[in-house]
Amino acid sequence: MSRAFLIVLDSLGCGGAPDATAFGDAGANTLGHIIDARQGALKMPNLAALGLGAALTHSSGFPSPWPDPTQGAWAVAREISNGKDTPSGHWELAGVPVPWNWHYFPNETPAFPPNIMAALAQFAGGSLANCHASGLQVIEAFGAQHINLGLPICYTSADSVFQIAAHEECFGLQRLYDLCQNLAPILHEMKVGRVIARPFVGSVEAGFERTLKRKDFSMDPPSATLCDWVQNAGRHVHSIGKIGDIFSMKGITYCRNGSDAELMEHLVDEVQNAPEGSLTFANFVEFDSLYGHRRDPEGYARALEWFDAAIGPVLAQTRSDDLVIFTADHGNDPTWRGSDHTREQVPVLVHCQNLSQRVRARGTIRFQDVAATLAEHLTVPVLGEGRSFL
């Protein structure tokens, strides 16, 4: 049996979404604007060989800085879900568009309705912040009060999220997780996509910093996804990064977490050891969390170069019938106004040694077609509306 690997470079959009204006994102282009802002060439020979530049040009008209692709296949995927957030993108890539509109909190203070704050007070005695904020800024602003009063810091963003920051030692990591888990059903009923635990460490004197122990309490997908299709066929589904959280562990056999550097090590191990017929689903989040939201195009560029250099040896270890697809869930243009995701199309790049030597250009596809392509490769029934593009 063949194996499949779906690797999401979180937020690597390539512009061109036809409905970008409705989201305030007309002209956003994550990859294109990183190339524009870069001091010197962006070196990505491995993904460029699969068609990264061709996808960029097809999507947005931005000229590719790399030679024509030499292997594999490429396409550009367009999302239909009415959102530019993490669950919408991942669920639709897994075959299930979001059938509802997410709830977003108003950009005002207080941001949250009284019933939510009353429930939170019942579990934690009260809270701090209650506003739209950057995660780093809100910890800096309220960290001292948090330590003195023992109250969680609650904030949101332009995404459909309710975020709670708390000190791992002073408040307690498990207590933070329990608080988020208790609040999640109330927020999910409102169609708030995620309640996110944001632990941090440090002191007023030394400064505070967030840790890698973030945990997302997401709504369940509205129907069975690619992960369920594969697992229900008796196969393994291995999660690398935050995939398990995004899918509420539905259809997931086991998870492996860590920094992006650690996730790459996990991916190497999966390529070497994942069983026949399995799906490995990976999300490399730091493009989004460290560079997109923080509007750091040079940092994003360096991260892309690191990923491309690291993935070359990984691809060299794949088996002849392995199917590897690289894509993204949305954009997050680091040159754009604000700090939110951006509504963009995304590149879809395919590596498979059994593909013919002729490069396959597939133009524009749907997010759902990614799921169908992987399912067909694994000989698993396709339960959604997608169609294989290979």
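Of the listed requirements (1) buried (at least 19 other Cβ atoms within 10 Å of the Cβ); (2) of a type outside the set (F, W, Y); (3) farther than 24 Å from E92 by Cα, D269 misses just one: (1).
Here is the figure for segment 19-58: residues that are assigned to a loop (DSSP other than H, G, I, E, B) and either within 19 Å of the chain's Cα centre (by Cα) or at pLDDT 95 or above (or both) total 11. With respect to the conditions (1) closer than 13 Å to H90 by Cα; (2) in a loop (DSSP other than H, G, I, E, B); (3) at pLDDT 95 or above, S248 lacks only one, and its number is (3). Counting only residues that are free of Cβ contacts under 8 Å to residues at least 24 places away in the same chain and surrounded by 14 or more Cβ atoms within 10 Å (Cβ to Cβ), segment 96-116 holds 1 of them. Any chance segment 227-237 includes a residue that's outside the structural domain of N148 (by TED's automatic domain parsing) and within 18 Å of the chain's Cα centre (by Cα)? Yes, the conditions are met somewhere in segment 227-237. Filtered by the rule that a residue be assigned to a loop (DSSP other than H, G, I, E, B) and either of a type in the set (A, V, I, L, M, F, W, C) or not assigned by TED's automatic domain parsing to the domain that holds L290 (or both), segment 316-342 gives A328, W336. Screening the candidates T225, T211 for the property of being within 18 Å of V138 (Cβ to Cβ) and β-branched (V, I, T) yields one hit, T211.
Of the residues F389, F307, which single one is closer than 30 Å to D228 by Cβ and under 20 Å from the mean Cα position of the chain (by Cα)?
Result: F307 is the single residue among F389, F307 that is closer than 30 Å to D228 by Cβ and under 20 Å from the mean Cα position of the chain (by Cα).
Across segment 74-93, the qualifying residues are those that are in a loop (DSSP other than H, G, I, E, B) and under 17 Å from G384 (Cα atoms), and the one among them that is farthest from the chain's Cα centre (by Cα) is I80. Going through (1) over 19 Å from V8 (Cα atoms); (2) in contact with a Phe, Trp or Tyr (Cβ under 9 Å, 6 or more places away or on another chain) one by one, V350 falls short only on (1). Does G24 meet the test of being of a type outside the set (S, T, N, Q), over 23 Å from F389 (Cβ atoms) and assigned by TED's automatic domain parsing to the domain that holds R294? When the stated conditions are applied, G24 passes them.
Do we find that D329 is more than 22 Å from M264 (Cα to Cα), buried (at least 24 other Cβ atoms within 10 Å of the Cβ) and not small (G, A, S) in this structure?
Values: more than 22 Å from M264 (Cα to Cα): no; buried (at least 24 other Cβ atoms within 10 Å of the Cβ): yes; not small (G, A, S): yes.
So D329 does not fit the description; no.
Considering only segment 283-297, I want to know if a residue exists there that is within 22 Å of A224 (Cβ to Cβ) and either within 15 Å of the chain's Cα centre (by Cα) or not in a helix (DSSP H, G or I) (or both).
Initially, segment 283-297 is screened for residues within 22 Å of A224 (Cβ to Cβ), giving 283.
Next, only the ones that are either within 15 Å of the chain's Cα centre (by Cα) or not in a helix (DSSP H, G or I) (or both) stay: 283.
Looking through segment 283-297, at least one residue is within 22 Å of A224 (Cβ to Cβ) and either within 15 Å of the chain's Cα centre (by Cα) or not in a helix (DSSP H, G or I) (or both).
Looking for whichever is within 20 Å of S339 (Cβ to Cβ), at pLDDT 95 or above and more than 24 Å from the chain's Cα centre (by Cα) here; the options are F142, F171, F162. Which one fits?
Being within 20 Å of S339 (Cβ to Cβ), at pLDDT 95 or above and more than 24 Å from the chain's Cα centre (by Cα) holds for just one of F142, F171, F162, which is F142.
Run down F287, F307 and say which single residue is closer than 22 Å to F367 by Cα, in contact (Cβ under 8 Å) with a residue 40 or more places away in the chain and of a type in the set (F, W, Y). Within the list F287, F307, the selection yields F287. Checked against (1) in contact (Cβ under 8 Å) with a residue 60 or more places away in the chain; (2) surrounded by 22 or more Cβ atoms within 10 Å (Cβ to Cβ); (3) at negative phi, P45 meets all criteria but (2). Being free of Cβ contacts under 8 Å to residues at least 60 places away in the same chain and over 15 Å from the mean Cα position of the chain (by Cα): is that true of Q317 here? So Q317 fits the description; yes.
The values are calculated or read from the model by the stated rules, or taken from the named source; none is laboratory data. Fair warning: this is a prediction, and the values are worked out from it, not measured in the lab. All Cβ positions, even for glycine, are placed from backbone atoms using ideal geometry, and neighbour counts span all protein chains on display.
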